[in-house]
Amino acid sequence: MELDRAARERLQGFIARAAGAEGCAITELRRLRGGAIQENWCLDADIAGGAFAGRLEAVVRTDAPSKIDESLNRAEEFALLKTALAAGVTVPEPLWLCRDPSVLGKEFFVMRRVAGAAAGHRMVKDERLRDSGEALVERLAEELARIHTITPPADGLGFLAMPEPSPALHSVNRLRHHLDRLATPHPVLEWGLRWLERNAPTRGELVLRHGDFRTGNYMVDENRLTGILDWEFAGWSDLHDDIGWFCAKCWRFGADDREAGGIGVRETFYRAYERASERSVDPGTVSYWEVMAHLRWAVIALQQAQRHVSGDEPALEMALTGHVVPGLELEILQLTGKGT
Amino acid sequence: MRDHPTGEELLIIARTVLREELMPLLPDERRYDALMVANAMAIAARQIAFGDAPERRERQSLAGLLGEPVDGDGAMAGSAAVGDLTRRLSAEIRGGAFDPSTPRHGAAHSFLLDVTVQKLRESAPKTLEAAGMA
């Protein structure tokens, strides 16, 4: 999507109205890289009058042309950001939601831009972070504990379905549903899902799972955490779901020996989480959810590749995402070996 | 018979030009795109190099696992294509036919591992090296 002059003016008008301002002049508007599922735009503007008068540094987040089935829409993500902010989670402040498609052609919201960078493959190689990795791991565990203080039912989050019959089996069923809609069969993923079905933990306490809590989805500026991003996969689940996703080998960006997100020690993360949440972490249950993480990422990667293959959205990046699947399958087969 | 350079050879030299001559000229923010192009070319070249042999072997092993007849070079005696057999295997795994308590559990795991290793040889050989399986 490119924004023509008219769309830019409509966006200025929307912001001015939403901010209760006399006027809004956009000084910078460019598409940010990444965001395979939505589009993110970096926006600078001068706002005249009202409570937001002055310089605005923001991100505009819109839906992409085609979306992954499980992902929430922008209005839902906006509600989650507000709930998370109220619970004390470090997130970019959500400012205004626009549900009127006549402004940009689709829904979007504006949030304050936070400083720093999120790119996972760069972060795990960052020497400065290597020294302060443990502090960052503790901080992330505390943030996750804060996210998990949100439990059902929560005001404003009624759109999140309850995972029946349990978070684990609900996930298995959803992933099978997605596999059934792909053009080709995937026996290794079926193998992994059968293992997950046979080894599913019983239903525990439900918490708000972020759903994509991993290196690459939080912003760090000068070794300081500035924001937890990408809430579009949030839902109710077991606390071990997010922990497994964070620690899974597929999200260590090659820094496999640092099991907590490629940046630090797993036990540091567990300890800090337990201290902050006053809940206990069961390592065996985390391992289970790490297998789930590989399955889930494989299915998302296949869906992204399908968007390319189907011709809906031809893009080299998505085409190549399909080729990460064999690596995930190898990990799945090793984690669910013979006899287990 | 095709003359040289073959498609595979063209991909390899084109990729070398991309990486060694063109990439240094690109601004930093486009380097990632060039790396993706180079990666796509490498995958395509490896698939061409392996040819049809891996799929023939896969079909033969799969038929054996599912108890289907095959002839000597892996061609199906019946009409079932590898895609149909894979679909059947997938359904049977989901139904529990290869659970740990079943006789073909170990054979199924070995088959799946072999197929996955071959896919990695084409898609991401470095992953195999890292796993000590190259």
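Restricting to the stretch A:305-330, and then to whatever is surrounded by 22 or more Cβ atoms within 10 Å (Cβ to Cβ) and more than 9 Å from chain B (Cβ to nearest Cβ), can you tell me which residue is farthest from residue A:184 (Cα to Cα)? Out of the qualifying residues, it is A:328. Consider the stretch B:88-132 and keep the residues that are open to solvent by 60 Å² or more (accessible area, probe 1.4 Å) and not in a helix (DSSP H, G or I). The one that is nearest to the other protein chains (Cβ to nearest Cβ) is B:101. Cβ separations smaller than 9 Å between residues 6+ apart or across chains give the following pairs from the stretch B:16-42 residues that are under 25 Å from residue B:120 (Cβ atoms) and among the basic types (Lys, Arg) to residues that are assigned to a helix (DSSP H, G or I) and open to solvent by 50 Å² or more (accessible area, probe 1.4 Å): B:19/B:35. Anything in the stretch A:155-170 that is in contact with a helix residue (DSSP H, G or I) (Cβ under 7 Å, 6 or more places away or on another chain), in contact (Cβ under 8 Å) with a residue 24 or more places away in the chain and outside any helix (DSSP H, G or I)? List them, or say none. A:156, A:157, A:159, A:163, listed by residue number. Of all residues in the stretch B:83-106, those satisfying the criterion of being closer than 19 Å to residue A:179 by Cα and among the β-branched types (Val, Ile, Thr) are B:86, B:93. Answer yes if at least one residue in the stretch A:121-138 is closer than 24 Å to residue A:268 by Cα, open to solvent by less than 10 Å² (accessible area, probe 1.4 Å), out of contact with any Phe, Trp or Tyr (no Cβ under 7 Å at 6 or more places or on another chain) and among the aliphatic types (A, V, I, L, M), and no otherwise. Scanning the stretch A:121-138 turns up at least one residue that is closer than 24 Å to residue A:268 by Cα, open to solvent by less than 10 Å² (accessible area, probe 1.4 Å), out of contact with any Phe, Trp or Tyr (no Cβ under 7 Å at 6 or more places or on another chain) and among the aliphatic types (A, V, I, L, M). When the residues of the stretch A:50-71 are filtered to those that are more than 18 Å from residue A:33 (Cα to Cα) and open to solvent by 20 Å² or more (accessible area, probe 1.4 Å), the one that is modelled with the lowest pLDDT is A:69.
In a residue-by-residue description of the stretch A:289-301, the property of being more than 14 Å from every other protein chain (Cβ to nearest Cβ), of a type in the set (D, E, K, R) and closer than 24 Å to residue B:111 by Cα applies to at least one position.
The values are calculated or read from the model by the stated rules, or taken from the named source; none is laboratory data. Please read these numbers as outputs of a predicted model, since none were measured by experiment. Positions of Cβ are backbone-derived with ideal geometry, glycine not excepted, and every protein chain shown enters the neighbour counts. Each accessible area value is taken on the protein alone, full model and side chains, heavy atoms only, with ligands, DNA and RNA left out. Shrake-Rupley method; radii C 1.70, N 1.55, O 1.52, S 1.80 Å.
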